[in-house]
């Protein structure tokens, strides 16, 4: 090897650190990690989510320095942060809108996984870690929504935590433990503040495991086939770091539009009124990223000997938990929907169904969507149809299609779809 091709020698201090803690070797391996060379822009949403998590933790720590977790002062402390703390309005707006940006990135990341079969062997554990992160995000976001202690914060806490009373035998004990007593009050706010501060660091630990797990088995790719040779890969840096930085810049610009021009767009007007336990809002609405699950909760009727309240709770949790068994519900050997025409149709119907559920959760259940000759078709009716299809998709249609559909012919390697057309043109 010529001297021009030899790596530059490490400084003495770097060699000293490396011999005791091989962090520079780890970073080198991470940067040179062989990544499939056909990853498209949908793969950048994982990086979006990671950057958003870091920003949320940093802004959350600073906000916690000024927040007062007490029912008499919580609402006023938020007002003080916005009005009196240096750049407090910016910190609060970045943090409040960051929750929506975080869920947006994660939802796209999850649907990308569904489309390209990222839950299939050997990446089941990668998928499970991602779902655990999603559940922790939901818990963290719900508790954070309670902290401003506005009308919607208080009543969302009361309604959602009261759902646990539907669980036989232990439901009341669970609810009282969450409340810290027998009503939503100061102990509840203190507990939610502590957990909202703690859980993001648990999420960081799960993200590390998530990244570690897919580095162990290798990245998926749009073709859904395994890497056949070094020619199918490129180093992660600089090829994908540049791509991620470019897309993260666009993502941050979208985030900035909400922060600077519409900071309260995603907030509910009632949450800018101090919490009043004696006044119930006419329509309790969660944040947009909870709306599909809220629609499933409200849409579930009595089932045999199970009352509607318990059935709704079970259906809401089942809508997430069944994703853990998705690798066995979808038994097709082909991962990518690009080569599964029937599954691709089902996937887009599922996306539309989830959007419909989101709209159903945003409107009052008895509000009419349209009127027929005999009766009004309400949002509750539509939510029940959409909920039924959601479970039908995963429990019946997906297993059937995965066994009966005839996939298209897969390419031999990642390079083949590029090399063959180029060779034909030559």
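Only residues that are closer than 20 Å to residue 343 by Cβ, in a helix (DSSP H, G or I) and touching a helix residue (DSSP H, G or I) at 6+ places or on another chain (Cβ under 6 Å) were counted in segment 90-125, giving 5.
Kindly establish whether residue 387 is crowded, with 16+ Cβ neighbours inside 10 Å, in the same structural domain as residue 349 (by TED's automatic domain parsing) and touching a strand residue (DSSP E or B) at 6+ places or on another chain (Cβ under 6 Å). The answer is no for residue 387. Criterion first (closer than 30 Å to residue 121 by Cα, touching a residue at least 12 places away in the same chain (Cβ under 8 Å) and not in a helix (DSSP H, G or I)) does residue 351 satisfy it? No: the conditions fail for residue 351. The lone criterion from (1) out of contact with any strand residue (DSSP E or B) (no Cβ under 9 Å at 6 or more places or on another chain); (2) more than 17 Å from residue 246 (Cβ to Cβ); (3) surrounded by 13 or more Cβ atoms within 10 Å (Cβ to Cβ) left unmet by residue 36 is number (1). A single member of 82, 58 is assigned to a helix (DSSP H, G or I), free of Cβ contacts under 8 Å to residues at least 60 places away in the same chain, farther than 27 Å from residue 358 by Cβ and in contact with a helix residue (DSSP H, G or I) (Cβ under 7 Å, 6 or more places away or on another chain), and it is 82. For segment 133-159, a residue qualifies if it is farther than 16 Å from residue 100 by Cβ, under 23 Å from the mean Cα position of the chain (by Cα) and surrounded by fewer than 20 Cβ atoms within 10 Å (Cβ to Cβ), and the qualifying residues are 135, 136, 139, 159. Taking segment 317-332 as the range and being assigned to a helix (DSSP H, G or I) and touching a residue at least 40 places away in the same chain (Cβ under 8 Å) as the test, the residues that pass are 318, 319, 320, 322, 323, 324, 326, 327, 329. The set of residues in segment 221-240 that are out of contact with any strand residue (DSSP E or B) (no Cβ under 8 Å at 6 or more places or on another chain) and either surrounded by 19 or more Cβ atoms within 10 Å (Cβ to Cβ) or without any contact (Cβ under 8 Å) to a residue 40 or more places away in the chain (or both) comprises 222, 223, 224, 225, 226, 238.
For the structure I just gave you, tell me whether residue 348 is surrounded by fewer than 17 Cβ atoms within 10 Å (Cβ to Cβ) and either touching a strand residue (DSSP E or B) at 6+ places or on another chain (Cβ under 9 Å) or not assigned by TED's automatic domain parsing to the domain that holds residue 97 (or both).
Judged against the criteria, residue 348 is a match.
Quick one: would you say residue 342 is closer than 30 Å to residue 411 by Cα and touching a helix residue (DSSP H, G or I) at 6+ places or on another chain (Cβ under 7 Å)?
yes
Among the residues of segment 39-51, how many are closer than 16 Å to residue 233 by Cα and surrounded by 13 or more Cβ atoms within 10 Å (Cβ to Cβ)? Selection size over segment 39-51: 2. Filtering segment 52-69 for residues that are buried (at least 16 other Cβ atoms within 10 Å of the Cβ), under 30 Å from residue 229 (Cα atoms) and under 24 Å from the mean Cα position of the chain (by Cα) leaves an empty set.
Within the set 347, 394, the sole residue that is under 27 Å from residue 35 (Cα atoms) and modelled with pLDDT of 95 or more turns out to be 347. Would it be correct to say that residue 254 is over 30 Å from residue 379 (Cβ atoms), part of a helix (DSSP H, G or I) and at pLDDT 90 or above? No; evaluated as a whole, the condition is false for this residue. Would you confirm whether any residue within segment 243-259 is in contact (Cβ under 8 Å) with a residue 12 or more places away in the chain and more than 28 Å from residue 127 (Cα to Cα)? There is at least one residue in segment 243-259 that is in contact (Cβ under 8 Å) with a residue 12 or more places away in the chain and more than 28 Å from residue 127 (Cα to Cα).
Test residue 395 against the stated conditions and say whether it is surrounded by 13 or more Cβ atoms within 10 Å (Cβ to Cβ), in contact with a strand residue (DSSP E or B) (Cβ under 9 Å, 6 or more places away or on another chain), assigned by TED's automatic domain parsing to the domain that holds residue 301 and outside any loop (DSSP other than H, G, I, E, B). It is false that residue 395 is surrounded by 13 or more Cβ atoms within 10 Å (Cβ to Cβ), in contact with a strand residue (DSSP E or B) (Cβ under 9 Å, 6 or more places away or on another chain), assigned by TED's automatic domain parsing to the domain that holds residue 301 and outside any loop (DSSP other than H, G, I, E, B). Determine, yes or no, whether residue 201 is surrounded by 14 or more Cβ atoms within 10 Å (Cβ to Cβ), on the phi < 0 side of the Ramachandran plot and either part of a loop (DSSP other than H, G, I, E, B) or touching a residue at least 60 places away in the same chain (Cβ under 8 Å) (or both). So residue 201 fails the test.
The values are calculated or read from the model by the stated rules, or taken from the named source; none is laboratory data. These numbers come from a predicted model, not from an experiment. Reconstructed Cβ throughout: ideal geometry from the backbone, glycine too, with neighbour counts over all protein chains shown.
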